[in-house]
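Since the structure comes first, as structure tokens, the remarks are kept for the end.
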Amino acid sequence: MRIRRLSFTFVIITLLSAMGLARAQAPTSVTSEDFARSASEHFTAQLQAARTAQNRSKDAKVRQFASQLASHYESAGRSLSQICEELNLDVLPQPGGAPSTAGAAAPTPRSFDRVYTLEVSQHLAKAETAFDAAIQSPKVDPKLKDFARNELGAIREYRQMAAPLARSEAVQGGR
């Protein structure tokens, strides 16, 4: 009887948590300018972090991943700038808008790799949420929605690539 009551309580708590999580993650109605500025800040911060990782990382896989990200962010940033010009949106990244610490406090190369891979995973997760919200928002221009759809696929792909790197770095850091 006690196990059944605990199981029922667990199911209720899980359902209530899921409902609250779904409500908390419901897309907000962002505007074209909000999204473009956020995406621009994301690209700028992550490009800077990727370049830092290319120079500071001691792990060849992390350097290769950072190189791929840097190349992608340069291209995506140019595409976004072009769309913003067409839409007459002024979305230069704001000072201090989306700084990336990218392992700045990491004293050793190994801890740099751990911090960088964890941070890039977190930033990609936030970007996925922001890009998805832009796609769902009625206030975002169709050209920016198309851009967000294309980028969302890349963001998800990079998240899948980053996850094993972050796990690997965490395991190596524990040794």
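The values are calculated or read from the model by the stated rules, or taken from the named source; none is laboratory data. If you're wondering where the values come from, they're calculated on a predicted model, not measured in any experiment. When we count neighbours, we look across all protein chains shown, and the Cβ atoms used for this are built from the backbone with ideal geometry, even at glycine.
Odds and ends about this structure:
- Test: residue in the stretch 116-132 that is more than 13 Å from the chain's Cα centre (by Cα) and either at pLDDT 95 or above or at negative phi (or both): no
- No other residue among Leu87, Leu69, Leu47 is among the hydrophobic types (A, V, I, L, M, F, W, C) and more than 16 Å from the chain's Cα centre (by Cα) apart from Leu87.
- Of all the listed residues (Ser38, Ser29, Ser57), the sole one being more than 22 Å from Gly153 (Cβ to Cβ), modelled with pLDDT under 95, out of contact with any Asp or Glu (no Cβ under 8 Å at 6 or more places or on another chain) and of a type in the set (Ser, Thr, Tyr) is Ser29.
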